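The values are calculated or read from the model by the stated rules, or taken from the named source; none is laboratory data. All values derive from a computational prediction rather than experimental measurement. Here the Cβ is made from the backbone with ideal geometry for all residues, glycine too, and neighbour counts use every protein chain on show. Protein only, heavy atoms only, side chains kept; ligands, DNA and RNA dropped before computing areas. Shrake-Rupley method; radii C 1.70, N 1.55, O 1.52, S 1.80 Å.
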Amino acid sequence: MRSDVYGARIAAVVWQIAYALVHAWWAVVGEPRLLNGRESYFPGGWVPVVLGVLAAVACLCAAVAARRDVSDTGRHALAVLNAVAGAALCVYSFLFPVVVVSLLFEGARPGSVTSLLATGSGAAGGVFCLVIAARERRLAAHACESCGRVHGRSPESRAEPAPGWAFAGAYLAVAGYVARMSVWLVDTLAGRWPSATTDVSWTALAVFVVLMSLTGTLLPLALAHRWGRLWPAWVVPLRGRAVPRWLVLGTGLFIGASLTAYFGIAGMTAWIRGAFGGPFLPLLLEMGGYSLWGVGLLVAAASYARLTRPPCPRLATDRS
(Lines give C-alpha, C1' and ligand atoms only; values in the text may rest on other atoms or scores of the structure.)
Protein backbone atom coordinates (compact mmCIF):
# COMPACT_ATOMS: atom_id res chain seq x y z
CA MET A 1 0.00 0.00 0.00
CA ARG A 2 1.24 3.50 -0.77
CA SER A 3 3.26 5.41 1.82
CA ASP A 4 0.82 8.33 1.69
CA VAL A 5 -1.95 6.01 2.90
CA TYR A 6 0.24 4.91 5.79
CA GLY A 7 1.06 8.53 6.62
CA ALA A 8 -2.61 9.55 6.53
CA ARG A 9 -3.50 6.75 8.92
CA ILE A 10 -0.72 7.69 11.33
CA ALA A 11 -2.02 11.27 11.22
CA ALA A 12 -5.48 9.90 12.08
CA VAL A 13 -3.98 8.03 15.04
CA VAL A 14 -2.39 11.26 16.31
CA TRP A 15 -5.72 13.08 15.91
CA GLN A 16 -7.59 10.44 17.91
CA ILE A 17 -4.97 10.41 20.67
CA ALA A 18 -5.13 14.20 20.94
CA TYR A 19 -8.94 14.01 21.18
CA ALA A 20 -8.70 11.39 23.93
CA LEU A 21 -6.04 13.33 25.88
CA VAL A 22 -8.00 16.59 25.82
CA HIS A 23 -11.12 14.83 27.07
CA ALA A 24 -9.11 12.96 29.71
CA TRP A 25 -7.89 16.34 30.95
CA TRP A 26 -11.46 17.62 31.05
CA ALA A 27 -12.57 14.49 32.93
CA VAL A 28 -9.95 15.20 35.60
CA VAL A 29 -10.14 18.99 36.00
CA GLY A 30 -13.64 19.66 34.67
CA GLU A 31 -15.05 20.69 31.30
CA PRO A 32 -14.67 24.26 30.03
CA ARG A 33 -17.73 26.37 29.38
CA LEU A 34 -19.75 24.79 26.57
CA LEU A 35 -22.79 25.88 24.62
CA ASN A 36 -25.89 24.90 26.61
CA GLY A 37 -23.57 23.43 29.22
CA ARG A 38 -22.81 20.16 27.45
CA GLU A 39 -20.84 18.67 24.57
CA SER A 40 -23.29 15.82 23.96
CA TYR A 41 -26.59 14.53 25.27
CA PHE A 42 -24.81 11.25 25.95
CA PRO A 43 -22.84 10.85 29.20
CA GLY A 44 -19.58 12.80 29.24
CA GLY A 45 -16.67 12.26 31.60
CA TRP A 46 -14.61 9.29 30.49
CA VAL A 47 -16.97 8.18 27.71
CA PRO A 48 -15.37 10.34 24.98
CA VAL A 49 -11.94 9.25 26.25
CA VAL A 50 -12.87 5.60 25.70
CA LEU A 51 -14.24 6.42 22.25
CA GLY A 52 -11.06 8.32 21.35
CA VAL A 53 -8.87 5.42 22.49
CA LEU A 54 -11.01 2.95 20.52
CA ALA A 55 -10.69 5.11 17.41
CA ALA A 56 -6.93 5.46 17.92
CA VAL A 57 -6.54 1.67 18.22
CA ALA A 58 -8.67 1.14 15.11
CA CYS A 59 -6.63 3.64 13.08
CA LEU A 60 -3.34 2.22 14.40
CA CYS A 61 -4.34 -1.31 13.37
CA ALA A 62 -5.21 0.01 9.92
CA ALA A 63 -1.86 1.84 9.73
CA VAL A 64 0.03 -1.37 10.59
CA ALA A 65 -2.01 -3.28 8.01
CA ALA A 66 -1.07 -0.71 5.38
CA ARG A 67 2.48 -2.12 5.36
CA ARG A 68 1.63 -5.80 5.61
CA ASP A 69 -0.17 -8.47 3.64
CA VAL A 70 -3.53 -8.97 5.31
CA SER A 71 -6.15 -11.59 4.43
CA ASP A 72 -9.62 -10.68 3.25
CA THR A 73 -10.99 -11.74 6.63
CA GLY A 74 -8.53 -9.41 8.34
CA ARG A 75 -9.55 -6.56 6.05
CA HIS A 76 -13.20 -7.15 6.87
CA ALA A 77 -12.35 -7.13 10.60
CA LEU A 78 -10.49 -3.84 10.21
CA ALA A 79 -13.43 -2.38 8.32
CA VAL A 80 -15.86 -3.39 11.07
CA LEU A 81 -13.59 -2.09 13.85
CA ASN A 82 -13.13 1.29 12.19
CA ALA A 83 -16.81 1.52 11.24
CA VAL A 84 -17.86 0.91 14.86
CA ALA A 85 -15.35 3.43 16.21
CA GLY A 86 -16.23 6.01 13.57
CA ALA A 87 -19.97 5.64 14.04
CA ALA A 88 -19.61 5.89 17.83
CA LEU A 89 -17.59 9.11 17.59
CA CYS A 90 -19.99 10.65 15.08
CA VAL A 91 -23.02 9.78 17.20
CA TYR A 92 -21.37 11.17 20.33
CA SER A 93 -20.53 14.39 18.45
CA PHE A 94 -23.98 14.75 16.88
CA LEU A 95 -24.37 18.27 18.31
CA PHE A 96 -21.74 19.55 15.85
CA PRO A 97 -24.29 20.55 13.15
CA VAL A 98 -26.49 22.08 15.86
CA VAL A 99 -23.57 24.24 17.01
CA VAL A 100 -22.86 25.24 13.40
CA VAL A 101 -26.50 26.26 12.83
CA SER A 102 -26.51 28.15 16.13
CA LEU A 103 -23.44 30.13 15.10
CA LEU A 104 -24.88 30.91 11.67
CA PHE A 105 -28.32 32.06 12.81
CA GLU A 106 -27.72 33.29 16.37
CA GLY A 107 -24.07 34.36 16.32
CA ALA A 108 -21.36 33.54 18.84
CA ARG A 109 -22.49 32.88 22.38
CA PRO A 110 -20.53 31.92 25.50
CA GLY A 111 -19.03 28.48 24.96
CA SER A 112 -20.04 28.21 21.31
CA VAL A 113 -16.48 28.23 19.91
CA THR A 114 -15.31 25.63 22.43
CA SER A 115 -18.33 23.48 21.59
CA LEU A 116 -17.61 23.87 17.89
CA LEU A 117 -14.03 22.67 18.35
CA ALA A 118 -14.98 19.83 20.69
CA THR A 119 -17.81 18.41 18.61
CA GLY A 120 -16.07 19.16 15.33
CA SER A 121 -12.93 17.29 16.35
CA GLY A 122 -15.02 14.29 17.39
CA ALA A 123 -16.99 14.32 14.14
CA ALA A 124 -13.76 14.63 12.12
CA GLY A 125 -12.23 11.72 14.01
CA GLY A 126 -15.31 9.66 13.27
CA VAL A 127 -15.12 10.50 9.58
CA PHE A 128 -11.43 9.48 9.51
CA CYS A 129 -12.39 6.04 10.86
CA LEU A 130 -15.29 5.68 8.43
CA VAL A 131 -13.05 6.54 5.46
CA ILE A 132 -10.56 3.88 6.58
CA ALA A 133 -13.41 1.39 7.01
CA ALA A 134 -14.64 2.07 3.48
CA ARG A 135 -11.15 1.58 2.03
CA GLU A 136 -10.58 -1.67 3.93
CA ARG A 137 -13.93 -2.96 2.74
CA ARG A 138 -12.99 -2.18 -0.87
CA LEU A 139 -9.68 -4.00 -0.45
CA ALA A 140 -11.44 -7.04 1.01
CA ALA A 141 -13.88 -7.04 -1.92
CA HIS A 142 -10.98 -6.72 -4.42
CA ALA A 143 -12.46 -3.54 -5.85
CA CYS A 144 -10.83 -1.68 -8.70
CA GLU A 145 -7.82 0.28 -7.46
CA SER A 146 -8.58 3.10 -9.88
CA CYS A 147 -12.22 3.80 -9.06
CA GLY A 148 -13.29 1.63 -6.11
CA ARG A 149 -15.93 -0.27 -8.10
CA VAL A 150 -16.38 -4.02 -8.25
CA HIS A 151 -16.77 -4.14 -12.03
CA GLY A 152 -19.70 -6.21 -13.12
CA ARG A 153 -21.59 -5.56 -9.88
CA SER A 154 -21.28 -1.80 -9.35
CA PRO A 155 -22.93 0.88 -11.50
CA GLU A 156 -20.56 2.34 -14.11
CA SER A 157 -22.41 5.52 -15.08
CA ARG A 158 -24.58 8.29 -13.67
CA ALA A 159 -27.13 7.50 -16.36
CA GLU A 160 -27.93 4.08 -14.87
CA PRO A 161 -31.19 3.96 -12.89
CA ALA A 162 -31.10 4.10 -9.12
CA PRO A 163 -32.16 0.92 -7.31
CA GLY A 164 -35.59 0.62 -5.77
CA TRP A 165 -34.26 1.00 -2.24
CA ALA A 166 -32.91 4.45 -3.15
CA PHE A 167 -36.38 5.63 -4.14
CA ALA A 168 -37.80 4.07 -0.98
CA GLY A 169 -35.31 6.04 1.09
CA ALA A 170 -36.01 9.27 -0.78
CA TYR A 171 -39.77 9.09 -0.38
CA LEU A 172 -39.39 7.98 3.23
CA ALA A 173 -37.48 11.23 3.79
CA VAL A 174 -40.25 13.23 2.10
CA ALA A 175 -42.85 11.48 4.27
CA GLY A 176 -40.81 12.32 7.38
CA TYR A 177 -40.62 15.95 6.30
CA VAL A 178 -44.38 16.10 5.74
CA ALA A 179 -45.02 14.58 9.18
CA ARG A 180 -42.74 17.10 10.85
CA MET A 181 -44.14 20.07 8.97
CA SER A 182 -47.71 19.08 9.79
CA VAL A 183 -46.94 19.83 13.44
CA TRP A 184 -45.31 23.12 12.47
CA LEU A 185 -48.35 24.09 10.37
CA VAL A 186 -50.75 23.38 13.23
CA ASP A 187 -48.59 25.37 15.66
CA THR A 188 -48.38 28.29 13.22
CA LEU A 189 -52.13 28.41 12.61
CA ALA A 190 -52.73 28.23 16.37
CA GLY A 191 -50.31 31.13 16.97
CA ARG A 192 -47.83 29.00 18.92
CA TRP A 193 -45.02 29.50 16.37
CA PRO A 194 -42.89 31.49 16.56
CA SER A 195 -43.08 31.68 20.33
CA ALA A 196 -42.86 34.93 22.26
CA THR A 197 -39.36 34.01 23.44
CA THR A 198 -37.99 33.57 19.92
CA ASP A 199 -35.26 36.17 19.44
CA VAL A 200 -34.79 35.72 15.68
CA SER A 201 -35.91 38.02 12.88
CA TRP A 202 -38.75 37.10 10.57
CA THR A 203 -36.30 37.11 7.66
CA ALA A 204 -34.11 34.52 9.34
CA LEU A 205 -37.16 32.40 10.17
CA ALA A 206 -38.36 32.59 6.56
CA VAL A 207 -34.95 31.57 5.24
CA PHE A 208 -34.85 28.69 7.72
CA VAL A 209 -38.27 27.39 6.65
CA VAL A 210 -37.40 27.65 2.94
CA LEU A 211 -34.11 25.79 3.42
CA MET A 212 -35.87 23.20 5.56
CA SER A 213 -38.47 22.65 2.84
CA LEU A 214 -35.83 22.27 0.13
CA THR A 215 -33.93 19.67 2.17
CA GLY A 216 -37.17 17.79 2.80
CA THR A 217 -38.39 17.68 -0.80
CA LEU A 218 -35.88 18.66 -3.48
CA LEU A 219 -32.83 17.10 -1.82
CA PRO A 220 -34.13 13.55 -1.24
CA LEU A 221 -35.70 13.43 -4.70
CA ALA A 222 -32.45 14.65 -6.27
CA LEU A 223 -30.59 11.85 -4.50
CA ALA A 224 -32.76 9.20 -6.17
CA HIS A 225 -33.93 10.60 -9.51
CA ARG A 226 -31.78 10.87 -12.63
CA TRP A 227 -32.16 14.66 -12.76
CA GLY A 228 -30.21 14.87 -9.50
CA ARG A 229 -27.19 13.33 -11.26
CA LEU A 230 -27.52 14.77 -14.76
CA TRP A 231 -29.05 18.19 -15.41
CA PRO A 232 -32.50 17.72 -17.01
CA ALA A 233 -33.41 18.97 -20.49
CA TRP A 234 -35.22 22.10 -19.29
CA VAL A 235 -31.97 23.42 -17.77
CA VAL A 236 -30.86 24.34 -21.27
CA PRO A 237 -27.31 25.64 -20.66
CA LEU A 238 -26.40 22.60 -18.53
CA ARG A 239 -28.59 19.93 -20.17
CA GLY A 240 -27.07 16.45 -19.85
CA ARG A 241 -24.04 17.59 -17.87
CA ALA A 242 -23.11 16.13 -14.52
CA VAL A 243 -24.56 17.80 -11.43
CA PRO A 244 -21.71 18.64 -9.00
CA ARG A 245 -21.44 15.48 -6.93
CA TRP A 246 -20.74 16.92 -3.51
CA LEU A 247 -23.34 19.66 -3.83
CA VAL A 248 -26.02 16.98 -3.55
CA LEU A 249 -24.17 14.14 -1.80
CA GLY A 250 -22.42 16.27 0.82
CA THR A 251 -25.63 18.05 1.75
CA GLY A 252 -27.55 14.78 1.94
CA LEU A 253 -24.96 13.08 4.13
CA PHE A 254 -24.57 16.06 6.46
CA ILE A 255 -28.29 16.65 7.01
CA GLY A 256 -29.16 12.96 7.06
CA ALA A 257 -26.51 12.13 9.64
CA SER A 258 -27.43 15.17 11.74
CA LEU A 259 -31.15 14.38 11.84
CA THR A 260 -30.57 10.69 12.49
CA ALA A 261 -28.12 11.28 15.33
CA TYR A 262 -29.89 14.21 16.98
CA PHE A 263 -33.52 13.11 16.69
CA GLY A 264 -33.36 9.44 15.76
CA ILE A 265 -30.87 8.40 18.44
CA ALA A 266 -30.59 11.07 21.13
CA GLY A 267 -34.09 12.53 20.79
CA MET A 268 -35.96 9.24 20.68
CA THR A 269 -33.87 7.91 23.60
CA ALA A 270 -34.67 11.00 25.67
CA TRP A 271 -38.37 10.71 24.78
CA ILE A 272 -38.50 7.05 25.80
CA ARG A 273 -36.84 7.97 29.09
CA GLY A 274 -39.55 10.56 29.73
CA ALA A 275 -37.49 13.71 29.15
CA PHE A 276 -40.18 15.30 26.98
CA GLY A 277 -43.70 16.15 28.01
CA GLY A 278 -46.71 17.08 25.92
CA PRO A 279 -49.32 15.41 23.70
CA PHE A 280 -48.26 12.05 22.28
CA LEU A 281 -49.26 12.52 18.62
CA PRO A 282 -47.43 15.84 17.97
CA LEU A 283 -44.28 14.45 19.61
CA LEU A 284 -44.54 11.27 17.57
CA LEU A 285 -44.95 13.20 14.33
CA GLU A 286 -42.10 15.56 15.18
CA MET A 287 -39.52 13.10 16.54
CA GLY A 288 -40.54 10.27 14.23
CA GLY A 289 -40.71 12.60 11.24
CA TYR A 290 -37.22 13.93 11.79
CA SER A 291 -35.90 10.40 12.33
CA LEU A 292 -37.44 9.02 9.13
CA TRP A 293 -36.26 12.10 7.25
CA GLY A 294 -32.67 11.55 8.34
CA VAL A 295 -32.62 7.80 7.72
CA GLY A 296 -34.24 8.25 4.32
CA LEU A 297 -31.63 10.80 3.28
CA LEU A 298 -28.79 8.48 4.31
CA VAL A 299 -30.27 5.57 2.37
CA ALA A 300 -30.76 7.65 -0.78
CA ALA A 301 -27.30 9.19 -0.36
CA ALA A 302 -25.71 5.72 -0.30
CA SER A 303 -27.16 5.02 -3.74
CA TYR A 304 -26.16 8.46 -5.02
CA ALA A 305 -22.55 7.88 -3.88
CA ARG A 306 -22.39 4.62 -5.87
CA LEU A 307 -23.95 6.08 -9.01
CA THR A 308 -21.85 9.25 -9.14
CA ARG A 309 -18.37 7.80 -8.77
CA PRO A 310 -16.00 9.34 -11.33
CA PRO A 311 -15.54 7.21 -14.49
CA CYS A 312 -12.94 4.49 -14.13
CA PRO A 313 -9.69 5.71 -15.76
CA ARG A 314 -8.53 2.13 -16.28
CA LEU A 315 -11.59 1.28 -18.38
CA ALA A 316 -11.18 4.51 -20.36
CA THR A 317 -7.56 3.57 -21.11
CA ASP A 318 -8.50 0.03 -22.15
CA ARG A 319 -11.17 1.30 -24.53
CA SER A 320 -8.81 3.77 -26.14
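Based on every Cα atom in the chain, Rg and the maximum pairwise Cα distance Dmax equal 21.6, 67 Å.
When the residues Val183, Val14, Val64 are ordered by accessible surface, computed with a 1.4 Å probe over the protein chains alone, the sequence from largest down reads Val14, Val64, Val183. In units of the compact-protein estimate 2.2 N^0.38 Å, segment 1-49 shows a Cα radius of gyration of 1.51. What the Cα convex hull of segment 1-101 gives, in volume per residue, is 105 Å³. Residue by residue, segment 185-190 carries 3J(HN,Hα) couplings of 5, 5, 5, 5, 5, 7 Hz when phi is fed to the Karplus relation 6.51 cos²θ - 1.76 cosθ + 1.60 (θ = phi - 60°); x denotes Gly or Pro. For the chain, the residue among Ala141, Pro282, Trp193 whose Cα projects farthest onto the positive side of the dipole built from Cβ charges is Ala141.
Note on the chain: with neighbouring protein chains present and a 1.4 Å probe, carbon and sulfur make up 68 percent of its accessible heavy-atom surface.
Averaging 1/r across all pairs of distinct Cα atoms in segment 171-288 and inverting the result yields a Kirkwood radius of 16.5 Å. Loop-located GluC sites (Glu not before Pro) in segment 111-185 (DSSP state other than H, G, I, E, B) with a sparse environment of at most 16 neighbouring Cβ atoms within 10 Å: Glu145, Glu156. For segment 6-69, a simple Cβ point-charge model (Lys and Arg +1, Asp and Glu -1, everything else neutral) yields a dipole of about 120 debye relative to the Cα centre. The residues of segment 226-301 present an accessible area of 54 Å² per residue when probed at 1.4 Å with all protein chains retained.
Classify segment 74-223: rounded, prolate or oblate, from the alpha-carbon gyration tensor (a ≥ b ≥ c, eigenvalue square roots; a/c under 1.5 rounded; otherwise prolate if a/b is larger than b/c)? Oblate is the answer for segment 74-223, as a/c is 1.5 or above yet b/c matches or exceeds a/b. In plain terms, the chain is cut at each of the trypsin sites (Lys or Arg not before Pro) found in a DSSP loop with at most 12 other Cβ atoms within 10 Å, and the longest leftover piece is 69-152. When the helices of the chain are scored as -39500 (n - 2.57) per DSSP H run of n ≥ 4 and the total is divided over every residue, the value at 222 nm lands at -22000 deg cm²/dmol. Comparing Cα centroids, segment 17-91 and segment 274-301 end up 28 angstrom apart. In terms of accessible area, using a 1.4 Å probe and ignoring ligands and nucleic acids, Ile132, Ile255 rank largest first as Ile255, Ile132. Among rounded, prolate and oblate, which fits segment 15-161 when a ≥ b ≥ c are the square roots of the eigenvalues of its C-alpha gyration tensor, a/c under 1.5 means rounded, and a/b larger than b/c means prolate? Here segment 15-161 falls in the oblate category.
Largest GNM mean-square fluctuation among Leu281, Leu34, Leu103, using the chain with Cα springs under 10 Å: Leu281.
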